[in-house]
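A short write-up of the structure that comes next.
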Amino acid sequence: MFDLANAPFAFLDLKTTGLSAWFGDRICEVGIVLCEGRRIKDTFQTLVNPQRPLSPAAARANHFTDQDLGLAPRFEEIAARLESWLAESVVVTHNARFDLQFLDSEFRRLGRELQIPNLIDTLTLARDHFDAPSYSLEALAKGLQIPKMGDRRAFPDALKLRAVFFELASQLTSNGSRLEDFIGIYNSPAWPSDGIHLPAGLEEAFSRGQRLRITYVDGSGEQTVRQVDPLQVIGLSDYLYLRAFCHLRGEERTFRLDRILDIEPAAG
């Protein structure tokens, strides 16, 4: 039986230059909380030099600059430590398909494949077993009345992930569920794999088809606020785009995802 009280956990959060490893986006920040059961044993946080510019959306969301990242270590300098922690722990992340595609990409650049023997995805856990209006990490933390833990950076979000996981796990085990039933194995997939994996909040908004209020900056730098009805997320030759009906223009438009600075449900 899985021993929740003493198991080694690695709560992992990543920040990236954009939304698609397939189009060259890379990891630019890593936050990890290492635990034995609930007890925090060690922590790790670092910016990572991605060797490419941040997208406008990533720069706004994460509050760091290309200059900050240029002084940080490259991924190859932290890869060995990450690989050891991920192999020796139950790795917990939120929206594993999204984060792990970036880890896969980074390890493949080094000629290695990512293997995680024990993986728990809190997004899947929450969606399959709990009723919530939203399953983003921020919304789950708020719904579970978990205190705020700082800006949306990798290390505060890893701490938030830890708190969300243990609250979900407590509710599941109190109802007679076995936590070991939710542990999966991650093997590096064929590359590239099919499908487009998005951050949980974006995926949820698009899949529900609700009208959205977006702040968008176009290629010339002009910023506008628009209400859109999302239709599809597509990969074109250069990047990922949202195809949507734009009420500002009164017609269907495509919006490059890494230029959407803010997104929220439209009022009314």
Quickly run through segment 54-73 and pick out the residues that are surrounded by 14 or more Cβ atoms within 10 Å (Cβ to Cβ) and either in contact (Cβ under 8 Å) with a residue 24 or more places away in the chain or assigned to a strand (DSSP E or B) (or both). LEU54, SER55, PRO56, ALA57, ALA58, ARG60, ALA61, ASN62, PHE64, LEU69, ALA72
Going by the conditions given, is ARG226 farther than 14 Å from LEU198 by Cβ and either basic (Lys, Arg) or free of Cβ contacts under 8 Å to residues at least 12 places away in the same chain (or both)? yes
Considering segment 34-43 alone, what residues qualify as being farther than 18 Å from ASP151 by Cβ and assigned to a strand (DSSP E or B)? LEU34, CYS35, GLU36, ARG39, ILE40, LYS41, ASP42
Regarding segment 5-14, can at least one residue be identified that is closer than 30 Å to LEU242 by Cα, surrounded by 23 or more Cβ atoms within 10 Å (Cβ to Cβ) and at pLDDT 95 or above? yes
Matching residues, segment 102-115, being at pLDDT 90 or above and either in contact with a helix residue (DSSP H, G or I) (Cβ under 8 Å, 6 or more places away or on another chain) or in a helix (DSSP H, G or I) (or both): PHE102, LEU103, ASP104, SER105, GLU106, PHE107, ARG108, ARG109, LEU110, ARG112
Selection from segment 1-33 of residues more than 17 Å from VAL164 (Cβ to Cβ) and part of a strand (DSSP E or B) yields PRO8, LYS15, THR16, ILE27, CYS28, GLU29, VAL30
Is it true that GLU167 is at pLDDT below 90, assigned to a helix (DSSP H, G or I) and surrounded by fewer than 19 Cβ atoms within 10 Å (Cβ to Cβ)? no
Quick one: GLU76 ticks every box in (1) part of a helix (DSSP H, G or I); (2) not assigned by TED's automatic domain parsing to the domain that holds LEU159 except a single one, so which number is it? (2)
Please find, within segment 147-164, the residue that is farthest from ALA87 (Cα to Cα) out of those that are surrounded by 13 or more Cβ atoms within 10 Å (Cβ to Cβ) and basic (Lys, Arg). ARG152
Just give me the residues in segment 127-146 being of a type in the set (Gly, Ala, Ser), farther than 21 Å from GLY37 by Cβ and buried (at least 18 other Cβ atoms within 10 Å of the Cβ), in sequence order. SER136
Scan GLU203, GLU138, GLU167 and give me the residue that is closer than 28 Å to ARG249 by Cβ, of a type in the set (D, E, K, R) and under 20 Å from the mean Cα position of the chain (by Cα). GLU203
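The values are calculated or read from the model by the stated rules, or taken from the named source; none is laboratory data. Computed from a predicted model, the values in this text were never measured in an experiment. As a convention, Cβ positions derive from the backbone with ideal geometry for all residues, glycine included, and neighbour counts pool all protein chains shown.
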